[in-house]
Amino acid sequence: MTQPEIRSTETISSGAMTLEVLPDLGASVLNLRAASGRPVLRAVNTADVETSSQCASFLLIPFSNRIRDAHFPFERQDVQLAPNTKNGLAQHGDVRNRPWTVTRASDSHLICDFDSRKFSDMNWPWAFTARVEYRLHGPHLDTTITLTNADTQDMPAGMGIHPYFERLQDGIDPALEFDAPLTYDTDERQLTVGGSREVQPDEDFRTPTPIGSRQVDQTYTAWDGIVRLDWSANGKPTRALVQTADNVYSHLVVFTAPDGNLALEPVSHATDAFNLAAQGVAGVDMRVLSPGQSLAGTVRITLEGQW
């Protein structure tokens, strides 16, 4: 797919934060900064951005993460997608590098819409629409996604948000904390190989723990919808960040990016959930939307302390 030319940036702000969004590149977040100018999500130079992967955050619709061999069965259909990774997977849906339409833009509120029927080369056999709302208020950024089946047949569905947080603040590696007692085993392509299991001690972040030198690419479930990053200096709190997610986001992906930043991705299903569900694996949370039915949820980022 030819990458769209990036024509404009939409900017909204509150007293605490400023958000920059690229509607023409998947309505992806270019930057999220505190009022002081400090990056909240990883700092991005506009001139360096060619795809959403280089942005600070992007949207995962109509599925998140990876699908094994870009293939899955669904309701007596054999669904074959076009692989979009070097190792033959379909990954991260098919909206993140496409243009969205700005429907509303005010000082602190931005709405962008997407309709798959406008594109002849969608890598998804069902028609769907999507909406993202970005709203800044006080120390909060709310991101609300709505995915709607616009087809005449039932559609498998999932969604997520892929934010990269600026990890080092004043040279401090933050303590990561979230309550998720279950995780999954994966193969060499980071594909889930069965149902969830209890976390091992080195995978458990129910007690605040810095990532340190670990390389993490792991999906958690039975998550309570709250994840916290806490930067403290000499035992004294300086700043923290809390990300909360609606119940539809039943899974959390934790990924240490090659650039050193940390992705904390609220997603609605396990990696390769469509194939796992077809195999009868429980708890992977594949959704099926009837024609006209929607899947929706909000993720909130809240700043605490001295930003």
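The figures follow:
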quantity	calculated
Filtered residue count, the stretch 255-281, keeping only those that are modelled with pLDDT of 95 or more and more than 17 Å from the chain's Cα centre (by Cα)	8
Single unsatisfied condition, A233 versus (1) crowded, with 22+ Cβ neighbours inside 10 Å; (2) among the small types (G, A, S); (3) farther than 27 Å from A130 by Cα	(1)
Subset of the stretch 84-134 [over 25 Å from T152 (Cα atoms) and among the charged types (D, E, K, R)]	K86, R104, D107, E133
Checklist (1) surrounded by fewer than 17 Cβ atoms within 10 Å (Cβ to Cβ); (2) modelled with pLDDT of 95 or more; (3) touching a helix residue (DSSP H, G or I) at 6+ places or on another chain (Cβ under 7 Å); (4) over 25 Å from Q218 (Cα atoms) applied to F119, failing item	(3)
Any hit, the stretch 78-92, residues being of a type in the set (A, V, I, L, M), in contact with a helix residue (DSSP H, G or I) (Cβ under 7 Å, 6 or more places away or on another chain) and loosely packed, with under 15 Cβ neighbours inside 10 Å	yes
Qualifying residue in the stretch 245-253 (condition: of a type in the set (S, T, Y), touching a residue at least 60 places away in the same chain (Cβ under 8 Å), surrounded by 14 or more Cβ atoms within 10 Å (Cβ to Cβ) and assigned to a loop (DSSP other than H, G, I, E, B))	yes
Enumeration of residues in the stretch 264-294 that are in contact with a Ser or Thr (Cβ under 7 Å, 6 or more places away or on another chain) and in a strand (DSSP E or B)	V267, R287, S294
Spans of strands (runs of 3 or more DSSP E) in the stretch 11-67 with at least 2 residues in contact with a His (Cβ under 9 Å, 6 or more places away or on another chain)	57-60
Flag for G297 being in a loop (DSSP other than H, G, I, E, B) and not charged (D, E, K, R)	no
Scan of the stretch 50-76 for residues that are on the phi < 0 side of the Ramachandran plot and modelled with pLDDT under 95, ordered by number	E50
Members of the stretch 68-95 found to be among the aliphatic types (A, V, I, L, M), within 16 Å of the chain's Cα centre (by Cα) and closer than 19 Å to D187 by Cβ, listed by number	A90
Residues being surrounded by fewer than 20 Cβ atoms within 10 Å (Cβ to Cβ) and either over 18 Å from V21 (Cα atoms) or aliphatic (A, V, I, L, M) (or both) - total across the stretch 93-116	4
Residue identified as more than 17 Å from S268 (Cβ to Cβ), outside any strand (DSSP E or B) and not aliphatic (A, V, I, L, M) among R104, R117	R117
Residues that are over 23 Å from G158 (Cβ atoms), surrounded by 19 or more Cβ atoms within 10 Å (Cβ to Cβ) and in contact (Cβ under 8 Å) with a residue 60 or more places away in the chain, drawn from the stretch 40-66	V40, R42
Qualifying residue in the stretch 178-200 (condition: under 20 Å from the mean Cα position of the chain (by Cα), surrounded by fewer than 21 Cβ atoms within 10 Å (Cβ to Cβ) and of a type in the set (S, T, N, Q))	yes
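The values are calculated or read from the model by the stated rules, or taken from the named source; none is laboratory data. The structure presented is a predicted model; accordingly, all values stated were derived computationally and were not measured. Methodologically, a virtual Cβ is constructed for each residue, glycine included, from the backbone with ideal geometry; neighbour enumeration extends over all protein chains shown.
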